[in-house]
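Q: The structure follows.
The values are calculated or read from the model by the stated rules, or taken from the named source; none is laboratory data. This is a predicted model, so every value here is computed, not measured. No Cβ is skipped: glycine too gets one built from the backbone with ideal geometry, and neighbour counts run over all protein chains shown.
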Amino acid sequence: MRIDSAKDLEVYKRAYALSMERYLESKNFPQDERYALSDQIRRSSRSVAMNLRETWAKRRYEAHFISKLTDCDGENAETETSLDFAKDCGYLTPDIHADFVGRNREIGRMLGAMISNPKPFLLSSDLRPPTSDLCSPAFDFRPSSFDSPDFPTFYFSTFTPCLLPRNSQTAQATAKATTVAVMTSEG
């Protein structure tokens, strides 16, 4: 099965559905918990699914992808702690708590598997542009008087500034190649 969106991921579907169930259950919490525990469960639970969408957008870069998956896993763990508080305060029955926590841990295992083996989810290297699609280097802003190898070189495009280390030959070559490509496509 081809996965075109984070919405196609089983972990996303489960996280989203569980978040909706938690929302409905938290509506039964006492009114004085509306802006405390109810809100916290809703926010952290929703954040798992929301971060998965953001994670999917970052799958071009393995480190970003893993970092966002780690954020998802952290929100998932935070939700479980809030569920423990809800049970101990008497807002969730032990059965509902056990169900939510069990499914929460399944999501955690799925996220852990993705963190441990991200390669199947990443865009293949032959599909990746040399730089971010929001950052096409076009201009070397470094004044010639700065000759320190530690001084960063800034490349600007019409979208977003990029910071590439001056002493990185690969970064310089990538920036020049991209500049040529941008000039050729616009020229």
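Q: Name the residues in region 22-31 that are within 17 Å of Asp84 (Cβ to Cβ) and either assigned to a helix (DSSP H, G or I) or hydroxyl-bearing (Ser, Thr, Tyr) (or both), would you?
A: Listed by number, the residues that qualify are Arg22, Glu25, Ser26.
Q: Pairs needed: first member in region 83-98, outside the structural domain of Ala36 (by TED's automatic domain parsing) and of a type outside the set (S, T, N, Q); second member anywhere, modelled with pLDDT of 95 or more and assigned to a helix (DSSP H, G or I); C-beta distance under 9 Å; at least 6 residues apart or different chains.
A: none
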